[in-house]
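Report on the following structure.
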Amino acid sequence: MIILLGLLLGVLYCIHILVQDYQAVTAPRLLRLLFKRDVSSHQHDRPNVRWRKILMYDRIQCARFLYCELGTRPLDEEIRRGFILMLSLEPREEDRSSLDIFKQAYEYGQHSHGGDNYCSKNYPMCPFQSSLLIDLIKYLLRHHYAIE
């Protein structure tokens, strides 16, 4: 039971990092300077996504599952477009190989042709539906989730 709780905390932490990075990527340039994680960075004009850190905590592959599911659906929402935009940003050197894993997940979803459970078959360890993960992200964004 303790191991399961630890894995679920890892999923929540991955979502936490994704939401922080989403906010940093989609924020107006002036506001990016106010974000604590970017102020200490030497690249104020370009936000970074911490792909390696996300992958490190994505033990049950829910973040990868989320990106696969994003590939299966049309980009009808701003949030979905923002998360896809994150894939196109130039990564830091240490994040390059981790980004490739998330790009592969997204591309895998794009090749699903809308088939049900297509991503679940490739990422079977994630116990959540993509709608729950998206709803959690929306909740965090709606409730003035602050970047640390």
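The values are calculated or read from the model by the stated rules, or taken from the named source; none is laboratory data. Remember, it's a predicted structure, so these values are computed and weren't measured experimentally. Here the Cβ is made from the backbone with ideal geometry for all residues, glycine too, and neighbour counts use every protein chain on show.
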By residue number, the members of segment 65-100 that are over 16 Å from GLN129 (Cβ atoms) and in a loop (DSSP other than H, G, I, E, B) are PRO74, LEU75, ASP76, GLU77, LEU89, GLU90, PRO91, ARG92
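Between ILE54, ILE17, ILE3, which is modelled with pLDDT of 90 or more and hydrophobic (A, V, I, L, M, F, W, C)?
Numbers: ILE17 fails: modelled with pLDDT of 90 or more; ILE3 fails: modelled with pLDDT of 90 or more.
Result: ILE54 is the single residue among ILE54, ILE17, ILE3 that is modelled with pLDDT of 90 or more and hydrophobic (A, V, I, L, M, F, W, C).
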Within segment 46-90, of all residues that are of a type in the set (Phe, Trp, Tyr) and closer than 18 Å to ALA24 by Cα, the one surrounded by the most Cβ atoms within 10 Å (Cβ to Cβ) is TRP51
Looking for something at pLDDT 85 or above, aromatic (Phe, Trp, Tyr) and within 27 Å of LEU9 (Cβ to Cβ) - is there at least one such residue anywhere in segment 72-94? yes
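Check TYR123, TYR139, TYR108 and return the single one that is surrounded by 18 or more Cβ atoms within 10 Å (Cβ to Cβ) and out of contact with any Phe, Trp or Tyr (no Cβ under 6 Å at 6 or more places or on another chain). Give the steps one after another, and end with the answer.
On the way: TYR123 fails: out of contact with any Phe, Trp or Tyr (no Cβ under 6 Å at 6 or more places or on another chain); TYR139 fails: surrounded by 18 or more Cβ atoms within 10 Å (Cβ to Cβ).
Being surrounded by 18 or more Cβ atoms within 10 Å (Cβ to Cβ) and out of contact with any Phe, Trp or Tyr (no Cβ under 6 Å at 6 or more places or on another chain) holds for just one of TYR123, TYR139, TYR108, which is TYR108.
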